[in-house]
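Below: one structure, written as structure tokens.
The values are calculated or read from the model by the stated rules, or taken from the named source; none is laboratory data. Since the structure is predicted, the reported quantities are computational estimates derived from the model, not experimental observations. Using ideal geometry, Cβ is built from the backbone for each residue, glycine included, and neighbour counts are taken over all protein chains shown. SASA here: full protein model, heavy atoms, side chains in, ligands and nucleic acids out. Shrake-Rupley method; radii C 1.70, N 1.55, O 1.52, S 1.80 Å.
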Amino acid sequence: MNGDPEHPDRAAGDLIIRRATLGELIDLRHQVLRQNLPRESAIFKGDDAPAALHFGAFAGARTVACVSLHPSEWETAAAWQLRGMATAPDYRGRGVGRRLMQVMEAELESLQVSRVLWCNARLPAVGFYQGMGWRVVSEEFEIPAAGTHVRMLRG
């Protein structure tokens, strides 16, 4: 998916990738990450932290991909925890998630906020993150109602 170099928040086609509000992301998170659970289960601790960042890919009024960053720590270093990464099933395999991550990382760079990036990745998503330069740093573990995960670091 080729972005528009003049407008880094624009993706190919009719998609717009930009900072988002939490409210714009919850329905997609619920659909993809918390199916069969109450909608409120798609709201995570830290989502409302003043420094939390939320990003979305939008096809018109529809949110088709999302990701959030929560201020955190990794060992003793200041960090961002990537949370709630989701892509609508009919948009998977089109490069939307990759472009969303690129926009998110460019935004962090422009803010000059240097922190470790880490996440708890579901097993089916490990290859995606590895393709974006992340690496597995833990054994597999279970998150109740969310499945088997591994911890991953960027870089």
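Below is a table of values for the structure above.
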read-out: Solvent-accessible area, 1.4 Å probe, carbon plus sulfur percent, for the chain; value: 48
read-out: Estimated dipole of the chain in Debye, rounded to 20 [Cβ of Lys and Arg +1, of Asp and Glu -1, Cα centre]; value: 260
read-out: Distance cut-off 21 Å, percentage of C-alpha pairs in the stretch 15-122 lying past it; value: 31
read-out: In nm, spacing of pseudo-spin labels at Ser114 and Ser41 (7 Å Cα→C-beta vector); value: 4.1
read-out: D (Stokes-Einstein, µm²/s), Kirkwood Cα radius, the stretch 86-148, 1.306 mPa s at 10 °C; value: 118
read-out: Residue among His70, Ala59, Ser138 farthest towards the positive dipole end of the stretch 58-155, charges placed on Cβ; value: Ala59
read-out: Mean ellipticity per residue at 222 nm, deg cm²/dmol - from DSSP H runs of n ≥ 4 across the chain, formula -39500 (n - 2.57); value: -6500 deg cm²/dmol
read-out: Residue among Leu111, Trp80, Gln31 farthest towards the positive dipole end of the chain, charges placed on Cβ; value: Gln31
read-out: Accessible area of the chain divided out per residue, in Å², using a probe of 1.4 angstrom; value: 54
read-out: The stretch 93-142 - charge dipole about Cα centre, Lys and Arg +1 at Cβ, Asp and Glu -1, debye rounded to 20; value: 240
read-out: Selection from Tyr91, Ala20, Ala42, by position along the positive dipole direction of the chain (Cβ); value: Tyr91
read-out: Listed residues Ile43, Ile16 arranged by accessible area, highest first, probe 1.4 Å; value: Ile43, Ile16
read-out: Potential lengthening between Gln130 and Arg62 on full extension [0.36 nm per residue; Cα-Cα distance subtracted]; value: 21.7 nm
